[in-house]
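Step one of this worksheet: look at the structure below.
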């Protein structure tokens, strides 16, 4: 076991909190972002020696680079960045304001990208580093009613995959971890829900919203077990560029890929007909 210094965004709850706790148990040093002094005190009280809170709202992009430089100067080289902070937006697209889409991307895409850009110069110069972006099975499959969320996670998946190819020669590894349904606050207090306004969507969406609310807190996935998987990835010699976690994520993504391949093969002649 090689002990690491790990920077995790969004450690107040959910995956971020679970990963931080498991990392601390394993002997790693954790710097976690929170959004208030009270949350910072609560986080550090879990283990004052190895858990350190820093206040950051990932939407405040101008504060990210100075904070990262301060963290590197205070705690030494950060070996691992885990972009976990994010939230879910639920709402039919036609009923949801464009401003809601901008906010979703601000937190789920622009925030992680800004943090990666701040850490990459340090990791590139050291020729060493691991970046783990917590995406979602919603970054590979889609479901009605979380259109904006899926869009943001598809974007982060694509950025992560391309970035991994850009920095592999510098000893920096980029991994997307795509969870399915887990017992976090994602479908509860952390979710922003657009109000309903168009009855034509009632038959499609009302059962979906009700089922999601009823299932919240009862999902199959255990965040502590997910945290253990993430810590194993940090130590892995040949980690995957993308890892699905949760049996639902595994099954649903396989179904999506199988359906995509069928469509691609069915339309092969048309696809190739444009070559000139």
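The values are calculated or read from the model by the stated rules, or taken from the named source; none is laboratory data. Keep in mind that this is a model prediction, so the values were computed, not measured. Methodologically, a virtual Cβ is constructed for each residue, glycine included, from the backbone with ideal geometry; neighbour enumeration extends over all protein chains shown.
Take the residues of the range 201-223 that are surrounded by 15 or more Cβ atoms within 10 Å (Cβ to Cβ) and assigned to a helix (DSSP H, G or I): which is modelled with the highest pLDDT? Ranking the qualifying residues of the range 201-223, first place goes to 201. For residue 155, are the conditions met, namely being in contact with a helix residue (DSSP H, G or I) (Cβ under 9 Å, 6 or more places away or on another chain), in contact (Cβ under 8 Å) with a residue 60 or more places away in the chain, surrounded by 12 or more Cβ atoms within 10 Å (Cβ to Cβ) and within 27 Å of residue 247 (Cα to Cα)? Spelling it out, it is not the case that residue 155 is in contact with a helix residue (DSSP H, G or I) (Cβ under 9 Å, 6 or more places away or on another chain), in contact (Cβ under 8 Å) with a residue 60 or more places away in the chain, surrounded by 12 or more Cβ atoms within 10 Å (Cβ to Cβ) and within 27 Å of residue 247 (Cα to Cα). The C-beta contact set for the range 211-227 (first residue in contact (Cβ under 8 Å) with a residue 24 or more places away in the chain and on the phi < 0 side of the Ramachandran plot, second residue surrounded by 12 or more Cβ atoms within 10 Å (Cβ to Cβ) and in a helix (DSSP H, G or I), distance under 6 angstrom, 6+ apart or interchain) comprises 223/15; 223/18; 224/18; 227/18; 227/19; 227/22. Residue 232 - would you say it is within 19 Å of the chain's Cα centre (by Cα), farther than 17 Å from residue 157 by Cβ and free of Cβ contacts under 8 Å to residues at least 12 places away in the same chain? Yes, satisfied. Restricting attention to the range 224-240, the residues that are closer than 11 Å to residue 130 by Cα, buried (at least 20 other Cβ atoms within 10 Å of the Cβ) and touching a helix residue (DSSP H, G or I) at 6+ places or on another chain (Cβ under 6 Å) add up to 0.
If the condition is being on the phi < 0 side of the Ramachandran plot and not in a helix (DSSP H, G or I), then the range 137-175 contributes 140, 141, 142, 143, 144, 146, 172, 173, 174, 175. Could you please let me know if residue 177 is modelled with pLDDT of 95 or more, under 20 Å from residue 253 (Cα atoms), under 22 Å from the mean Cα position of the chain (by Cα) and buried (at least 20 other Cβ atoms within 10 Å of the Cβ)? Yes: the conditions hold for residue 177.
Taking the conditions exactly as written (under 18 Å from the mean Cα position of the chain (by Cα), in contact (Cβ under 8 Å) with a residue 24 or more places away in the chain and surrounded by fewer than 20 Cβ atoms within 10 Å (Cβ to Cβ)), does residue 122 satisfy them or not? When the stated conditions are applied, residue 122 does not pass them.
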